[in-house]
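The values are calculated or read from the model by the stated rules, or taken from the named source; none is laboratory data. These figures come from a predicted structure and were not determined experimentally. No Cβ is skipped: glycine too gets one built from the backbone with ideal geometry, and neighbour counts run over all protein chains shown. All accessible areas refer to the heavy atoms of the entire protein, side chains included, with ligands and DNA or RNA removed. Shrake-Rupley method; radii C 1.70, N 1.55, O 1.52, S 1.80 Å.
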Amino acid sequence: MEFIGFTLETIGKILVAYTALRVHHRVWKEHSINKGVFRAMRREQIVGIIGIAFIIMGYVIQIPFKI
């Protein structure tokens, strides 16, 4: 169970980092925020939220093994 918690937390961190990098790359590449960029940023925001949920779930699963 601790392995599952650690795995979820790691996947969550990777998703959040990926989301941040994609948003920065898209704005850097486009130099403006138009409708297409806004839609892509919205999708990336959802991936970031999923990543945060994985981090929280991983933390909750690991708590009993840390105490």
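Structure above, values below:
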| item | result |
| --- | --- |
| Any pair with Cβ under 6 angstrom, 6 or more apart, that starts in segment 23-50 at a residue that is in contact (Cβ under 8 Å) with a residue 24 or more places away in the chain and ends at one that is of a type in the set (Lys, Arg) | Glu44/Arg22 |
| Unmet criterion (only one of (1) polar (S, T, N, Q); (2) under 18 Å from Thr10 (Cα atoms); (3) outside any helix (DSSP H, G or I)) for Gln62 | (3) |
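Yes/no matrix, rows are residues, columns are (1) open to solvent by less than 40 Å² (accessible area, probe 1.4 Å); (2) over 16 Å from the mean Cα position of the chain (by Cα):
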site: Thr7; (1), (2): no, no
site: Gly12; (1), (2): yes, no
site: Ala17; (1), (2): no, no
site: Lys35; (1), (2): no, yes
site: Arg43; (1), (2): no, no
site: Ile46; (1), (2): no, no
site: Ile56; (1), (2): no, no
site: Tyr59; (1), (2): no, no
